Each structure stands twice: as structure tokens, then as C-alpha cells.
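The values are calculated or read from the model by the stated rules, or taken from the named source; none is laboratory data. All values reported here derive from a predicted model rather than from experimental measurement. We place every Cβ from the backbone using ideal geometry, glycine too, and count neighbours over all the protein chains shown. Note: areas computed on protein heavy atoms with side chains; ligands, DNA, RNA excluded. Shrake-Rupley method; radii C 1.70, N 1.55, O 1.52, S 1.80 Å.
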Amino acid sequence: MRDVIIIGAGVSGCAIARELSRYELDICVVEKESDVCEGTSKANSGIVHGGFDAKPGSLKAKLNVQGNILMEEMSKTLDFPFKRNGSMVICERPEEVSGLEKLLEQGVKNGVQEMKILTREQALELEPNLADGVYAVLHIPSGGIVCPFEMNIAYAENAAQNGVEFCLETEVQSIEKMEKGFRLHTDQGTMEATCVINAAGVYADVFHNMVSEQKIHITPRRGDYCLLDKTAGSYVSHTIFQLPTEKGKGILVSPTIHGNLLLGPTAIDIEDKEATATTAAGLAEIMEKSVRSVKNIPTRQVITSFAGLRAHEDQGEFIIGEPEDARGFIDVAGIESPGLTSAPAVGLYVRDMVAGIMELKEKKEFVETRKGITRFKELSMEEQNELIRKNPSYGRIVCRCEGITEGEILDAVRRPLGARTLDGIKRRTRAGMGRCQAGFCTPKTMELLAKELHLELKDIRKNGRRDAQ
Amino acid sequence: MKQCDLVIVGGGPAGLAAAIAAKKNGINDILIVERDEKLGGILNQCIHNGFGLHTFHEELTGPEYAYRFIQMAEELEIPYMTGSMVLDITPEKKLTVINRTEGVMEIQAKSVILAMGCRERPRGALNIPGYRPMGIYSAGTAQRLVNVDGFLPGKEVVILGSGDIGLIMARRMTLEGAKVKVVAELMPYSGGLKRNIVQCLDDFGIPLKLSHTVVEIKGKQKLEGVTLARVDEHNRPIPGTEEYYACDTLLLSCGLIPENELSREMGIAMNPVTNGPVVDESLETSIPGVFVCGNVLHVHDLVDFVSEEAAVAGRNAADYIRGNMEEKKSQGIPVETEGGIRYSVPSVVEPERMHEPVKVRFRVGNVYTNCYISLYLDDIRIQRKKRQIVTPGEMEEMVLKKEFFQEYGRPEKIRIVLEQAKQDDREVNGNE
């Protein structure tokens, strides 16, 4: 019997795995997909929220603000890109300023620092491309942007480095409560653990409901996004939100950490937990609404669009804890926005809960830091030449749009929890994320992957499981 | 830092022809920088025939056509560097180049010819909604997989867009044993050459559906099928016209984009219609000594015209390096297009600097039948050509001669005008 099984290798599951990997525990993360970061964690806004939006006193508010503060240090410790670019919430009419004031007040209660309401003129000095209809803004300097893939992968790699086992392509089918602990029946056999952590994203209700009579219900809330070329990336420097509604924070316009411009998301409640298809109506809505925040968005520069599903629980709150009738089973459910921001805090919060279930004894050999893939493009010419001398594969550019070398791709495949699919390489290196959207590098990346994994080209997958249809 | 008279960025048909012309005009210190492992560019994956009818009066395959130029370059002992990519060019013509053996190096050039070619428009730019499964490729990516890597990406194929690569791949996939079910084209006309529609679709019984687009993509991990719909005159799908096609592969051939990242970073003035640099009669960009040719300048229909154009760039670069090129004394005379012609290359002409007749190339934005293409100096018509049909898929040209300016004086502007022929006008094709 293992000590801990974590269901789901998204950012919550991996952050928890990493925090628990400090201790002498036998931990396993089970994930139905072939890679970490395959669900909600891969398709979101990549925003580190200030924390003004959540209801004061809520778990969302607490973990958001904590996570925001922790993000800076974690990004250094685990080597993932993060920047405090600041956020703005716009309003369009004088009578809406009270809405901004309410957010400001809420933010102060939540512990968000240095927020300020700015007049249109003041805001334009910071952000000259705000739409003509913008009347005033709430400025949140602590807001930031992060690479959601790299953050998730960084947590996973550090956990793996510290002995956490990852069982990928392993789908949990049922959970049996035992006298002590749980038995998980998966499509790869059975597993047992004293403690089960349910970080299954949009599926968290399914697993919760297998062990508890106090049922929960998660609605996948689909969000469509459009990503624009890097030539549009500096069009705004802040993340620009609209006044939030019940359905969420509305359509945002934001630079991404890698310098693209991101528009979205929509908020469409669906039932199908796999339905990540964009729709024409969704894409049209993004275009229509984003111009209310920012004028003259160069929409012809769209290079791709995608959709993600937020795990919205009916109560609208993070559910983190043990159901009364299933001790040892810790839900990490309803992790919609600000889930990405909160992940570092969720990791610590759940660790403390596990400490209440079992004794946590610190490992001597725990490795605190993780080093990411060397970003060739970011090195000085001397460093680049040194690297090519040692390893000539860094002298071959595979992805011309993003300037990604063969060396980086090989590193992505060979490192712990390495990439097994084209999307896995893309998320780890950015190869294929540029303006040609993998038109030129697909054949080369396929060849490299085939060679490294001893596969034939026909067996190379874009994403997903080996056996899936 | 390494010095070089002429650096040519790209070793495809444009770069090779430019290098050969420069060498023949007395420039010896040349370097071609090619990012692929061998010279020839995209022609290496174009294994179908039909290349070289104008240049060699023969029908060659892409690799054969490329090989003729590679051979000429080898015979002329023109230096080249493969597996090497230009990362940056400064306005002062200092290039940063990377490869596996020499690492990152800087090269100072006297003159630069840009010949980077073009890339395909990706799915995202088309705003096709739906999932993002395996099985969706741009036509050129599929061409490389099939022709170079020997890998057939699927068995049941739908093609969106009737650009030439899409048409060629419809035939290619069919010959490799796949079933190409349909080619859908958003516009009411094809973007490809007539001969490709006949030889690649008609001859194989592959239907071409004009004014159709993909409105849905089915399959989360692997493509299962696509839904096509007819579009109205504003290119909006018409409800009720949807038709589902089961397929495992969707190829996109929806336009080519000149690959001008380096040109933009150098600060070269760009033409928003062609997405290529603004050039004058010498194919010189807004930075003196930087020339451009081939698909990075504007997307061509036939490689023969690329080679011809590139040779002009090569000769002019040679003149520039040898100090034989007149400095620009004025802005030059603008070339304006009217009546449905979208652009012209060059878009500005300085008669003083014309050493040879200048071919002005252009494309129309729609299909026109029974019309004239006329060349005016201000309001004086110098030439007109009767055309039964002009289409966006085929490039047109007009020749400007120095004598025109000697005879008629220096105009304010040069105009290329598409004019409808009158019903009773019986004049036949002027220059054809």
C-alpha cells in the first residue's frame, strides 16, 4: 500500500505532489492522459490574479492571494517564466465606477496590495491602446502572467526528481473504500493507498461521488481563446479585464509571458467533460467583446484558437478537504479560476491536511530546485557558442518561428517525465507554437521523436493516449 | 568578423539564380546561407513535373529543376553553407548566422539578397472552429511527409483551399493510395493554376466545391471528419447547406505568406498587399544594397519567373557592389494599379537606373473575362494586351522599357489598368 495517490497531473495535483515529495512518503500521481498538463491546466489564460475578485473570507480569496505572493519565489526555485505585468479592470460608464470600488474594497479585505482606481487619462498613460469607451480602470499592480505549461511541468519534474512516481495513461475507473485507505481500480490494474488526493479537474465530482454520499457536481465551463502573433504581443502591457459577471471575469486582453497577445475566454456551461472544441459563435464573441477593452486589436494576426474547460462546482468555491464520510480522501475540487494562481498555496494547504492524516518526516536528500530546459535564444552569443561546442545539436534551429534548437527538443524528450508526443514537445520547448503553427517543424520534430523513442513515424502522436481512437 | 561581398539568404530557386547571376557579373566573394541540409529549397519536396517549361523548354520535376541550378552554382564554385540559419540582419548588413559546426557567427556583407521564400497560412489564421486533433496539416507539410519522409499521413482526405500545393497534393495522395474526397474552396474561384485543376482534380475525378468552407472539425485526438458548408457572398456559412465528410486527414492550402521576419526586423519598408518588401526597378529594398527576389518578395505562380526575377536581383547586387549603380536621386515614379489589379512588383521605378527592360509583375483580385491590361504613363496609353481571362491564381506581367520614358517624358506615375473590353471589340491578344 502506498502512502498517497494523487489523481490528476494538472497544476494542482503536481503542486501537491511536489510539496509532499519533501517527506519520506511513497507517492504516485495517476493521470489518464499521456502527459502532465493535459486538461484545464493547459488551456487557460495564464494569469496570476491579484485576488480582488474572490469573495472575502472564501478559500478562493485566501489561496489566490497567498499563491500570488508565492509565485515569484516558486518561479525562481522551479525555473518557470513569470512576470508581474499588472492587471486592469475597465468600466465604461460613470455609474459602473461603483463596481470598481466594490472590487477595490474586496481586494483590500483579501489583502491585495497597492490597488488604485485610475481615471481614463491616468489609465491611458499606462496603457495607450485602451478602447475609446473606457471610462475608468481599477489598477492591480500585483497581477501577473505565467507560462501555465512550464509551471505545471516544473512542479511535476521536481516531484519526479524527488521520487514521486507518475503513472501516465492510467485511468481510474472506480474507488473502493477499505478499512484503512482506498483501493483504486484502473485500466492498468489496482492500486492501494492510505490517502487519496482527488485533483481530477472536471472529473473531480466523479471520483468524489464514488466515495461520499454528500454529492458534488462540477460543470465544465468552456472558454474559447484566440492567440495572436507576437507582432501584436506588445499591443497592451497589462492584463485588461472587463467588470466581472456571475459567469467569471469576462473576456480579457493580455500579453502572454512569451510575448503573444491572448483574447478570451468565453464562458459556456456544458456537460461533456471532454468537449474542448471551439465554436464559431465563441470565436465571434471574443472578437466582438475584446474591442470594448482595447481598440483596434489586430485580429488578422490570430495564429491559433483553442478552448479549455474550467471545473466549476455548483457552490462556486474551491472544495479542498476530506468529506465527513470518507476520511483520508482529500478533494481538491472545483478548481476553476484562480486555480493556476492558487496552485503554490494549494500545494502547501493540502500538505498540511496530509500531515493531519499521517506523519510527515522530512527527507534529507530533498532537491528544492529544478532547472528547466536551457532556452538557447536567451543566452549570450558566447554562451550559445559554448553550448554548441559541447553539443552541436544546439546549432540546428528546428522551429524557425520561435527559434527552438534541436538541442532543446532532445532535452525535452530525454529529461525526467520527458515529452512523448508532439504537443508534449510543444509545451516544453515552444517548438510549433509560433506563427506558422508547426508547418515547417512538424516533420523534423516527428523524426526526432521517432528516433529518440524508437518508433515509426506512423506511431507518433500529436497528443493523447497510445490506445485511444 | 568575417567579411563578404554578397550574402544570399536562402538557397532555394531564388537564392541560387541570384547567386549565379551575381557571379556571372563579376562577383566572386559570395555566400549562400541555406537553413536546410541541402540546397534547392522547397523544390526538393515538389517531385511532380511541370517545372522549367519557360526556362529550359522541358518539363522537369522540382528536384531536377533545382539540380540544374545547383550544378551551375557548383560549376561556378559559388560558396554556400547548408544547415545554417540567419538569425538576424542589421540595417548595416551585419548578419548573425548559426550552424552546428561553427556555432553562432557574424558576417559583414556589402550587399544582401533576401530569398527566404514563403510559408503556408496555418489553420488558426483561418478561424476554423472545432477540436485540434492529429490529422490536420498544411498541404506543404503533408507534401514533405509523403515525398521526403515516405510517410502517408492518412487514407481519407479532405482538402480545404485550392492553392497549387493543395491541388498537387490531391493528386499525390491519390497516387499514394489515399482517397481524396473533396477539395473545398472558400472563394468562388480557385487560387491555383488552371492546369493544376485539370491535371490534379479533373483527371482523378476529385470534386472541387467552390464557395465552400469547413465549419466543424470532429475528433478530439484523431481527426474523424469535417463538416463543409456553402458560403454566401460575404464568405459566411449558409445554414442548412452543411455536409459531413468522414476523413482522417484535412489538408489546408489557403494561401502563402512571404517569410519576412528578417526583413521586418531590419526595418525594411513593407508592402501590406504582398506582405513582401517594397522594391524599385532594381529589386532594391528601402535599405540600399539590400535586394529581394522570389516568394519572399511576392508569391509567384511558376518557379521559372522566380529564377528570372532572382537573376535581376543578382545582376543589380553585382552592380551595387562594383559601384556601378546610380544612387537614387529621387523617390522614383510610383507604379499604380487600377481596375482590380491588387499590386505590382516593383511598385516604384527610376528610369535613370534602368539598365534593362523591367518586368512589372502583378495579380488580379478576382476573375475577369474579356478584358484588357493596359500600361499608361500618366494618361497616355503605351500598351494594351487583350486577355480572354485573368484569374488571381496566375501572375501577369507588363514590360517597361527605357525608351518609353525617352519618348514620352518622365510621368508623375506609371499606371497598370485592367479594363473591360467592349462587346464589339474584336482585337485579339495583343502581346501573346
Total accessible surface hidden between B and A, rounded to 100 Å², 1.4 Å probe = 3600
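By how many nm would the segment from A:GLN122 to A:GLU456 grow when fully extended, if each residue of separation counts as 0.36 nm and the alpha-carbon distance is taken off?
Details: separation 334, 0.36 × 334 = 120.24 nm, distance 5.87 nm.
Going from the current span to full extension adds 114.4 nm.
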query = Where both residues lie in chain A, what percent of DSSP beta bridges are antiparallel, nearest 5?
reply = 75
key: B:ASP149 paired with B:LYS413, simple spin-label distance in nm, labels 7 Å along Cα-to-beta-carbon   = 4.8
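Need one number: % antiparallel among DSSP beta bridges in chain B, to the nearest 5.
Details: 56 of 92 bridges.
Expressed as a percentage, antiparallel bridges in chain B total about 60.
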Burial of 40 Å² or greater, the range A:284-304 residues [accessible area, probe 1.4 Å, versus chain by itself] = A:VAL302
ask   = What percentage of the solvent-accessible surface of chain B, computed with a 1.4 Å probe over protein heavy atoms, is contributed by carbon and sulfur atoms?
value = 48
ask   = For the protein assembly as shown, what is the percent of antiparallel DSSP beta bridges, rounded to the nearest 5?
value = 65
key: Share of carbon and sulfur in the accessible heavy-atom surface of the range A:376-468 [1.4 Å probe, %]   = 48
key: Inter-centroid distance (Cα atoms) of the range B:91-144 relative to the range A:234-304, Å   = 27
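So if R0 is 60 Å, what FRET efficiency would B:ASN235 and A:ARG327 give, r being the distance between their Cβ atoms, rounded to the nearest 0.05?
Values: r = 60 Å, r/R0 = 1.00.
That gives a FRET efficiency of 0.50.
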query = Whose amide H sits under 5 Å from the amide H of B:TYR189, counting only residues 5 or more places off or on another chain, with H placed in the peptide plane?
reply = B:SER211
message = Going Cα to Cα from B:LYS385, which lysines come in below 25 Å? Please leave out same-chain ones fewer than 8 positions away.
response = B:LYS194, B:LYS359, B:LYS401, B:LYS402, B:LYS413, B:LYS422
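Enumerate by residue number the chymotrypsin sites (Phe, Trp or Tyr not before Pro) in the range A:308-407 meeting two conditions: DSSP loop (anything except H, G, I, E, B), and at most 15 other Cβ atoms within 10 Å of the site's Cβ.
A:PHE366
For the range B:308-387, what is the accessible area per residue in Å², given a 1.4 Å probe and the full set of protein chains? All intermediate terms of the calculation are to be shown ahead of the outcome.
On the way: 3380 Å² over 80 residues.
With all protein chains present, the range B:308-387 gives 42 Å² per residue.
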request  = In whole Hz, with x marking every Gly and Pro, tabulate ³J(HN,Hα) for the range A:332-342 from phi via Karplus 6.51 cos²θ - 1.76 cosθ + 1.60, θ = phi - 60°.
outcome  = 10, 10, x, 7, 9, 4, x, x, 5, 4, 6
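Taking a probe of 1.4 Å, how large is the accessible area per residue of the range B:192-280, in Å²?
Working: 3990 Å² over 89 residues.
Accessible surface, normalised per residue, equals 45 Å².
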ask   = What does the charge count near B:GLU156 come to, summing +1 for each Lys or Arg and -1 for each Asp or Glu among other residues with Cβ under 11 Å from its Cβ?
value = +1
key: Occluded residues from the range A:406-436, i.e. those whose accessible area drops by 30 Å² or more once the chain is not alone (1.4 Å probe)   = A:ARG435, A:CYS436
ask   = Rounded to the nearest 0.05, what FRET efficiency do A:GLU383 and B:GLU356 have when you use their Cβ-Cβ distance and R0 = 51 Å?
value = 0.60
message = Let's test the formula: R0 of 30 Å, r as the Cβ-Cβ distance of A:GLU101 and A:LEU348. What FRET efficiency results, to the nearest 0.05?
response = 0.40
query = GluC sites (Glu not before Pro) within the range A:112-161: which are DSSP loop residues with at most 12 other Cβ atoms inside 10 Å?
reply = A:GLU114
ask   = Which ³J(HN,Hα) values, rounded to whole Hz and listed in residue order, are derived for the range A:115-126 from phi using the Karplus coefficients 6.51, -1.76 and 1.60 in 6.51 cos²θ - 1.76 cosθ + 1.60 with θ = phi - 60°, glycine and proline given as x?
value = 6, 7, 8, 10, 6, 3, 4, 4, 5, 5, 5, 7
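What part of the accessible area of the range A:97-253, given as a whole %, is carbon or sulfur when the probe is 1.4 angstrom? Mind dumping the intermediate values first?
Details: 3090 of 6210 Å².
For the range A:97-253, the apolar C and S fraction of the accessible surface comes to 50 percent.
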query = Who wins for biggest fluctuation among B:ALA318, B:ALA170, B:ALA269 in a Gaussian network model of chain B, springs between alpha carbons below 10 Å?
reply = B:ALA269
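Per residue, what accessible area does chain A have, given a 1.4 Å probe and all protein chains present, in Å²?
Values: 18060 Å² over 469 residues.
In whole numbers, chain A has 39 Å² accessible per residue.
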query = Of B:LEU95, B:LEU252, B:LEU87, which has the largest mean-square fluctuation in a 10 Å C-alpha GNM of chain B?
reply = B:LEU87
key: Whole-Hz couplings from phi, Karplus 6.51/-1.76/1.60, listed for the range A:187-196; x for Gly and Pro   = 6, 10, x, 9, 9, 10, 8, 5, 10, 10
message = List, by residue number, every residue in the range B:199-232 with a reduction of 20 Å² or greater in accessible area between the chain on its own and the complete protein assembly, 1.4 Å probe.
response = B:LYS220, B:GLN221, B:LYS222
task = Among the aspartates and glutamates, select those whose C-alpha is under 12 Å from the C-alpha of B:LYS155, and discard any that sit fewer than 8 residues away in the same chain.
result = B:GLU176, B:GLU224, B:ASP248
ask   = Which residues in the range A:163-190 place their backbone N less than 15 Å from a point set 7 Å from the Cα of A:PHE366 along the Cα-to-Cβ direction?
value = A:163-164
